[in-house]
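Enquirer: So that we are looking at the same thing, I have put the structure below in structure tokens.
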Amino acid sequence: MNRSGVWSGASMRTKILVPFVLIFAFSILLGTSYFIHVVSGMTASNIERELHNLSRIVSEDLSRQEQRIIFHAQSMAETKKLADQTLNTSQVRLLQIQELQALQSEKIRFLGIYSKDLTRDDPLYPLVKKGLRGIRVTALIETRRQEGVLLNLVGAAPVPDEDGVHDVILLGTVLDHDFLQDIRTRTGAEIALFDGQGRAVAGTAGDLAEIRKVFETAWAQPGPPVNSGLNDRSLKSIEISGRPYKAVLVPLMVNDQRAGAMALMAPTSAFASALRLLMIEAVVYAACIIVGMSLLYLLVVRGITTPLKALEGAS
């Protein structure tokens, strides 16, 4: 009879404890899952906000570089006019040296003084033609080298003269890996640059061919004929050289005209590691709560069932 009472008490405790543990565990796990879901959403939102802020910063950087180029081009055009009028005195030569030093500090190259001797197939011809009309203008010019296509942000300024414009000053900045790497150092974002045809011409993350392939898969082709990739400002999850990124495409604007596209990429490996650690911590925390509450509840149930067992034994 005593053995039967023992089993009866244990069975009663089990019947009370098991449903409680199951309900409590389900509630804790449901709350943990919701917490992780909320944190994941906040993380994705933070990445999106960070990328859009970076896109604004990088666009402003390029716009300021465009303004610097046209400013220095106009300044050198005025100095050239002064040199022509004063027969190139030592003061003017000193001024020209100072201007060249200023160009070097701002990653601007002196491309030369051009006149009407350019052929129509020269990529600089449209700029020089506008400059000879007295127009200051900037444009994105493609040049081909052994390493591939390079994009150059070029500015043209006419050299004023009494009988019209005969010369044009051209300055430019090569938008190559080194230029993008400088932006990456300041912003922390990986950058890829696409020309008007959707070709990846420079980047800081991985091989250019791989970048082109990844972005063609994630978006419509960034360049013509559909040009739809440039209009898609949504975030995409991509992977380059085995590293996960969140990426956004930003139109590359030069002289208020679309000239290509920039891709800004934020690595998500750190966020993923932090999220995994958070999930582990949440699961361990939930398990500890379940075990602790189960033990506490077991003690309470035992305190209730023990007197009942004693009464049952006495009867």
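Enquirer: Considering only segment 114-144, state which residues are under 32 Å from the mean Cα position of the chain (by Cα) and free of Cβ contacts under 8 Å to residues at least 12 places away in the same chain.
Expert: Across segment 114-144, the qualifying residue is only ARG144.
Residue-by-condition table, conditions (1) modelled with pLDDT under 65; (2) out of contact with any Asp or Glu (no Cβ under 7 Å at 6 or more places or on another chain); (3) exposed (fewer than 14 other Cβ atoms within 10 Å of the Cβ):
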residue: GLY5; (1), (2), (3): yes, no, no
residue: PRO19; (1), (2), (3): no, yes, yes
residue: ILE28; (1), (2), (3): no, yes, no
residue: GLY31; (1), (2), (3): no, yes, yes
residue: SER45; (1), (2), (3): no, yes, yes
residue: SER55; (1), (2), (3): no, yes, no
residue: GLN67; (1), (2), (3): no, yes, yes
residue: ALA73; (1), (2), (3): no, yes, no
residue: LEU103; (1), (2), (3): no, yes, no
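Enquirer: For segment 141-254, list the helices (runs of 4 or more DSSP H) that sit wholly inside it and hold at least 2 residues that are at pLDDT below 80 and more than 30 Å from GLN101 (Cβ to Cβ); which are they?
Expert: Fully inside segment 141-254 and qualifying: 208-218, 228-231.
Enquirer: While we're here: Sort out which residues of segment 66-84 are aliphatic (A, V, I, L, M) and in contact (Cβ under 8 Å) with a residue 60 or more places away in the chain, and write them in order of number.
Expert: First pass over segment 66-84, keeping only residues aliphatic (A, V, I, L, M): 69-70, 73, 76-77, 82-83.
ILE69, ILE70, ALA73, MET76, ALA77 - these are the residues of segment 66-84 that are aliphatic (A, V, I, L, M) and in contact (Cβ under 8 Å) with a residue 60 or more places away in the chain.
Enquirer: Return the residues of segment 155-184 that are under 21 Å from GLY203 (Cβ atoms) and buried (at least 16 other Cβ atoms within 10 Å of the Cβ); say none if nothing qualifies.
Expert: Scanning segment 155-184 gives GLY172, THR173, VAL174, LEU175, ASP176, HIS177, PHE179, LEU180, ILE183, ARG184.
Enquirer: Looking at (1) touching a Phe, Trp or Tyr at 6+ places or on another chain (Cβ under 6 Å); (2) in a loop (DSSP other than H, G, I, E, B); (3) at pLDDT 85 or above; (4) of a type in the set (A, V, I, L, M), which is the one condition that is false for LEU118?
Expert: With (1) touching a Phe, Trp or Tyr at 6+ places or on another chain (Cβ under 6 Å); (2) in a loop (DSSP other than H, G, I, E, B); (3) at pLDDT 85 or above; (4) of a type in the set (A, V, I, L, M) applied to LEU118, the lone miss is (3).
Enquirer: I would also like to ask the following. Which of the residues spanning segment 114-152 are among the polar types (S, T, N, Q), surrounded by fewer than 17 Cβ atoms within 10 Å (Cβ to Cβ) and closer than 20 Å to LEU252 by Cβ?
Expert: THR143, the sole residue that qualifies.
Enquirer: Can I ask one more? Might you check whether a residue that is in contact (Cβ under 8 Å) with a residue 40 or more places away in the chain, part of a helix (DSSP H, G or I) and surrounded by 15 or more Cβ atoms within 10 Å (Cβ to Cβ) occurs anywhere in segment 105-113?
Expert: Scanning segment 105-113, I find no residue that is in contact (Cβ under 8 Å) with a residue 40 or more places away in the chain, part of a helix (DSSP H, G or I) and surrounded by 15 or more Cβ atoms within 10 Å (Cβ to Cβ), so the answer is no.
Enquirer: Suppose the filter is more than 17 Å from LYS80 (Cβ to Cβ), among the acidic types (Asp, Glu) and crowded, with 18+ Cβ neighbours inside 10 Å; does GLU190 pass it?
Expert: Criteria met by GLU190.
The values are calculated or read from the model by the stated rules, or taken from the named source; none is laboratory data. These numbers were taken from a predicted model, which means no experiment stands behind them. For neighbour counting, all protein chains shown are included, and Cβ atoms are generated from backbone atoms with ideal geometry for every residue, glycine included.
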